[in-house]
């Protein structure tokens, strides 16, 4: 027997079209903002960055663009389809070479 939570599924035929870009930097959109779980859709214009900062365990999935993601002292190429899983407390940041769109999921 399946229990219903009363919540509806959310479907995006093209999630990339939902990304918002800001002249001054990223303008993340919360796709899920629950007490214990968050999913963010982020967009960076070419040349923009997210400064390196410590953060919780997270998964980053890149939908479009190229650039570099830094995790602690390692650098990883951003390309469509790339995935980076960062451990809790790791310092991470991004630098966009071209327009980048990504999903980030993490416990809250």
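Conditions (1) assigned to a strand (DSSP E or B); (2) at pLDDT 95 or above; (3) surrounded by 13 or more Cβ atoms within 10 Å (Cβ to Cβ), marked per residue:
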{"position": "38", "(1), (2), (3)": "yes, yes, yes"}
{"position": "63", "(1), (2), (3)": "yes, yes, yes"}
{"position": "70", "(1), (2), (3)": "yes, yes, yes"}
{"position": "81", "(1), (2), (3)": "no, yes, no"}
{"position": "85", "(1), (2), (3)": "yes, yes, no"}
{"position": "92", "(1), (2), (3)": "yes, yes, yes"}
{"position": "95", "(1), (2), (3)": "yes, yes, yes"}
{"position": "104", "(1), (2), (3)": "yes, yes, yes"}
Report summary line: Selection from region 8-27 of residues surrounded by 11 or more Cβ atoms within 10 Å (Cβ to Cβ), assigned to a loop (DSSP other than H, G, I, E, B) and without any contact (Cβ under 8 Å) to a residue 60 or more places away in the chain yields 20, 27
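The values are calculated or read from the model by the stated rules, or taken from the named source; none is laboratory data. Predicted, not measured: the structure shown is a model, and the values here were computed from it. Heads up, the Cβs are rebuilt from the backbone with ideal geometry, glycines too, and the neighbour counts pull from every protein chain shown.
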